[in-house]
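See below for the structure under consideration.
The values are calculated or read from the model by the stated rules, or taken from the named source; none is laboratory data. Keep in mind that what you see is a predicted model, and the values were worked out from it rather than measured. What goes into the accessible areas is simple: the full protein's heavy atoms, side chains included, and nothing from ligands, DNA or RNA. Shrake-Rupley method; radii C 1.70, N 1.55, O 1.52, S 1.80 Å.
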Amino acid sequence: MRHIRMFKWQTLNKQCFLTLISGLAIGFTVAYVALSQQISFSDPHSSYELDLLDGGPTIDPGVHLRDEEFHLMEDTTIADKLYKDIRILCWIMTGPSNHEKRAKHVKNTWGKRCNVLLFMSSIEDPSLPSVALPVKEGRDHLWGKTKQAFKYVYKHYIDKADWFLKADDDTYVILENLRYMLMPYNTNESIYFGCRFKPYVKQGYMSGGAGYVLSKEALKRFIEIGLTNSTGCSKSDNGAEDVEMGRCMEAVKVTAGDSRDYLGRGRFFPFVPEHHLIPGHVSKSFWYWLYIYYENKEGMECCSDNAVSFHYVSPNQMYVLEYLIYHLRPYGISFRVESQQATNNKLPVQ
């Protein structure tokens, strides 16, 4: 009888202990989630951190009226000409949960400078509008979504643009600088550009978040060869989108181009400006330093004066960059741009 009571007592103690541990685990989880919702990441470097930020302005920021006195120094002749001569189709990777939270802010800011702007999702949304692709949502299907998006672009827009840019709904792109970078290149060259990483693919591959741009010839090879009879292009919808794209580009003999300026400074960036401009902000043990193809400096010399893109940009920061780049002007300083400068813009293929 004593042994039975002892057994019951031990069993009861064990159950109490397990209940206590379970309660503590649940309590810590709830507290962590609640605290996480209050954390403000001014410079996120992951999709998780970006999701913890507010979903953008709840009140429309409106349109910034130009102060003609301050904008008299501007001459947009070259930018206007490049808009006509170097036609860029931009397609934005998004999903139903991000239409209102992110995609619309791309449309309200930098997206309006694309010659053609498309939002690729799994449902139609007339407010963007978005294209409903026959692919499931989620990170596991980004490669499949990318293939379907480029198929759609090839079918409907191959003759309506010269270059074809893929970007995420948390990427900010300066289209004028992208056209300037592309000036020396012929869209009939089989080449693509972006932030070049070095593992997994012999010639490297372009970061998906920083965005990458395909020439018309590169798009044709991707669709006509890569997705039909190339064993180097994965037929699965799974896999890392940018790595699989890199493997496919190499398989169909599309060159991974060098997007740096003539001083060797980068133009496509996988993080917000702060991460690249502030020395020590990104630990040297962070994956970025192992992946980056070219030597990359920290500090003010990190980035080209003609930078093209930044990633993990929050919706609010989209409007901040829009104002700083296109409206804030130091009075008394004017910029004279000669189109001949583009001859110094093309780096040899490496």
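Things worth noting here:
- For Lys297, the lysines whose Cα comes closer than 19 Å to its Cα, not counting residues fewer than 8 places off in the same chain, are Lys198, Lys284.
- In segment 240-338, the portion of solvent-accessible area held by carbon and sulfur atoms comes to 56 percent [1.4 Å probe, whole percent, DNA, RNA and ligands not counted].
- Just the protein heavy atoms count here, and of the accessible area of segment 87-147 at 1.4 Å, carbon and sulfur take up 51 percent.
- Global form of segment 124-216, assessed from the alpha-carbon gyration tensor, a/c cut-off 1.5: oblate
- Average accessible area per residue (Å²) across segment 252-341 - probe 1.4 Å, nucleic acids and ligands excluded: 54 Å²
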